[in-house]
Amino acid sequence: MALFSSSKRQLVFRMSIYLCGFFLLWEWLRPLETLTDTGSLSAFVLYTGFCFIISVLNMKWWLSVPLKLGGLLFVLDGLFISETMFSKGWFYLLYLHLQYNFEMISSQNWTEITPLFRSLLFLILLWLMSYLMYYWFVISKRIFLFVLLTFIYLTVLDTFTAYEANTPIVRAFIVSLIALGVSNFYKELGREAVTFTGLKRVSAWVLPLAAVIAFSSLVGFAAPKLDPQWPDPVPYLTSTSPDAGFGEEGTGGVQKVGYGEDDSRLGGSFFQDDSLVFQAQVEEKHYWRIETKDIYTGKGWERSTEPEYNLTSDGSIDFDTFESTVETESLQGIVTFQSNAFFSKLVYPYGIKQVEGEEGVNYLVDDQFGSIAVEAPEEQGIVDQYQISYDKPSYSIDLLSEAGDEDPQAIKDDYLQLPEDLPDRVGNLAGQIVSEEETRYDQVKAVEQYFNRNGFVYQTEDVAVPGRNQDYVDQFLFETKAGYCDNYSTSMTVMLRTLGIPARWVKGFTGGELASASDDSIEGLNNYKVTNSNAHSWVEVYFPEVGWVPFEPTQGFSNPVDFYRDVNQEEDSPDTDEAAEQEEQERPGNQQEVGADEDESAAEGDANVQFTDGWNWTVAVVAAVLVGAAVIIYLTRYHWMSAWVRRKFHHQQTPQVYQEAYLFLLKLLTHKGMGRQEGQTLREYAFQVDKRFESQDMVRLTHQYERMLYRNETDSAQWGNITELWENLIKRALS
C-alpha cells in the first residue's frame, strides 16, 4: 500500500511550495519596520499567513472571502478602533474614517490620509498578494521569477537604504533552494509516474535534496569572499543627480540621514543610518564641528562666497572662535575615519589648535566658514587618521550677561542677513519671546528655550517641505511645529537675526556613543563611535569681548559646552561671618545683667536648660516626622500624581488636559525604565511600550493624541475609552 495517496501527496507538495512562498513574501515585509513608520508589523504578517492558509485549503470563494474580510476587520479593530467590535459606535467610527479619507483622495491630499485607512489599503494588498503567490507557486509553478525579484528587492534596499540585508539574503537563498527543489521534485514525480511505496523510498528523494541545500548553504557561508569591486553607487548618484524641484504644496522625498554639502533646500523626512563614520579617542564627549554657513535664503543655507583655503605648514589652526577671556582646558585626541567614509573635510572640537597626521598630507584651512580640508598626493581629500590638540572652552554666564551689544561692523555685515520676503510674524514672535529680557544672554536663552515650552515636537518622519511661496522657518514656527535639528537651529538663528543679534548656522556631528576600548586605545582617553545618525546642526551667537558661543535649541539635545557662574568669595568668607557674630555679641543691649541671688539665678538656669532640652526634643521629633512624610510623599509621588491627573481627566474633557495626561504618562514610563529613545517617533515608542505590556493600549492612545495634537480633532464620544486606555497604562506602569 502506498505511503501517500495521490491527493494527499499533491496537498503536501502544494503546502510545502506555498509555505516557501510565504517566507519569501515575509522577506518583503521585514524592511518596512526599518524604512517606514509601519507599526505592528507582526499583525500584518499574521494576517498574511492567515490568507495563505485559506488559499492553500482551496476553499470556495463564498467562504474564503468572508473569512479574509473578517480577519482584515479584526486587525483594524485591534490596531485602531477602541469601540466594541461590530457595535453601532464601531460601524459609525469606521464610516467616518472612510468618508474622510475618500474626501482626501478626491482632493488629492494624500498626506492627510489616516493611519487606519493606510493600513486598510495595505491589508487589501496583502490579501491580493496571497492569491497572486498561490497562482505563481501552485498553479503556474513560476517560482524562479518571484525568487529573482526577491533578490533584486533585497539587494537594492541594502545598497540604497539603511536596511542591512546580509541575513535576509541568506534566508531567502535557503528558502529559494527548498522551493525550487520541491517544485522540480514534484515535476519529476509526475513525469516518471513514481509512487511512494515505503518510508525508504521517501528518504531516497527527500534526504539528497536536504543534503544539497545544507551543503550549498554551508559552502556559501564559509567560502572566502572578495571585497567590493565597485565603489558605492549612492555617493555617485547623490552627487550627479539634479536637484528636485519644489511643488506648489512643497512635497519632499525621504532622505538618508548623514552629513551633506548641499543645504540650499532643507526639509523633508529621513530615515536613520547607523553606518559608522569615524571613531574618536578623547577625554570627554563633545560636538564635532565641520563648517558654518551665513546666508539664509528662505529655503535653506548657502555661503556668501566660495571658501578660500590657505595651507598650514605645521598643522597649527586658530579660527578665533572665542577670545582669551574665555576659560579653557588643554586636551588632546585622535580621530580615525572609516575607509569607506569618503569624507572631504575634517571634524574637530571647539578650540582646535593643532592637527597632525600622516606624512605627505597637507591641511587647508578656511577661516571664514571654519572648515579644514586635506590634500594628499594619492587620494585627494581623504585622510584616515589624525591627532588633535585643542582648548576646550567653558563660558562664564556673568561674563556673557555683562557683554554689551556693540558688535564689530564686519560681524554685523555677515551675520545679520535675512531674506527680504521673510514674513513679519517671525520677527514679531522673536520680539514677544524676549520682551521681558534685558541682556543679550537672557534673550538668547529665551529663544533657545522657547521650543521646549510651546508644543514643538522632534520627529524625522512626515516632516514638511516648504512650498514655492513658503518660508522654511515660518512654516516650522507657525504651521507644523514638527521637525529635526535643521528646523530648530535655522529657526533660532533667523529669530536672533531679526532682533539684531549676530548668529550663524553650524554643521557637524554630536559626540556619538561610548564604545569599548580597542587594542590601540590610549590610556586615559575614551573611545566614541560616531555614525551618520549623529549628523547635526546647531547655533552660534556672537558676544562682544567673548566671541562665538554655541547654543542648542533642538529638543532632546544638550548644549555641547560648559557654562558656569562666578562665585564671589568675599560674600562667603568665614572671617567676615565670625566678625559679624562677635560684633553682635558685644553690643550693649545684648549684655546680661548679673542678679544678687545666685541660687535663684542657678534655678532659673536649670529651668532654662530643661526647657531648652524639651524644646530640642520636640523640634527633633517634628523634624523627623516631616522628613519621613517627605520621603514617603517622594517615593509615592507618581501614585498620588496619577490620582490627581486622573481626577482632572474625569472632570475636564479638554485637549489641554488630554495633553497633560499623555505627557505625564510618558514621564512615568521614563521613570520606570521605558523612556523614549533619542530620535524615536511617538508611534515607534508606542509600539515598543505595547510590546512590553503585551497590549495595544499605547498605540490607540497615541493615535488619539496625534489626532488631537496635529489635526485638532477631539471626539467627546471617545473620551471614556481614552480615559480607560490611559488608566490601564498607568496601572501597568505602577504595578
Original post:
What lysines could a cross-link reach from K648, if we take a straight Cα to Cα line under 30 Å and drop same-chain neighbours fewer than 8 places away?
Top reply: K88, K481, K667, K672, K691, K731
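Taking the highest mean first, how do the peptides 498-504, 69-75 order by number of other beta carbon atoms within 10 angstrom per residue?
Highest to lowest by the protection proxy: 498-504, 69-75.
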**OP:** Using a 1.4 angstrom probe, figure out how much accessible area the range 496-562 has per residue, in square angstrom, rounded to the nearest whole.
**Re:** 34
**OP:** Enumerate the residues in the range 258-280 having an amide nitrogen under 13 Å from the point lying 7 Å beyond the Cα of S344 toward its Cβ.
**Re:** 260-263
Original post:
Cα-based Rg (one decimal) and Dmax (whole number) for the range 278-407, in Å?
Top reply: 16.2, 51
Original post:
Under a straight-distance cross-link criterion of Cα-Cα below 25 Å, which lysines are reachable from K187, leaving out those fewer than 8 residues away in the same chain?
Top reply: K8, K141, K200
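Based on the mean of other beta carbon atoms within 10 Å per residue, what is the order of 527-538, 176-187, most packed first?
Going from most to least packed, we get 527-538, 176-187.
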Original post:
What's the center-to-center distance, using Cα atoms, between the range 33-96 and the range 493-534 in Å?
Top reply: 46
Original post:
Once you have the alpha carbon radius of gyration of the range 33-141, what is it after dividing by 2.2 N^0.38 Å, with N set to its residue count?
Top reply: 1.18
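The values are calculated or read from the model by the stated rules, or taken from the named source; none is laboratory data. From a predicted model like this one, the values you see are computed outputs, not experimental measurements. We place every Cβ from the backbone using ideal geometry, glycine too, and count neighbours over all the protein chains shown. Note: accessible area is taken over every heavy atom of the protein model, side chains too, but ligands, DNA and RNA are not part of it. Shrake-Rupley method; radii C 1.70, N 1.55, O 1.52, S 1.80 Å.
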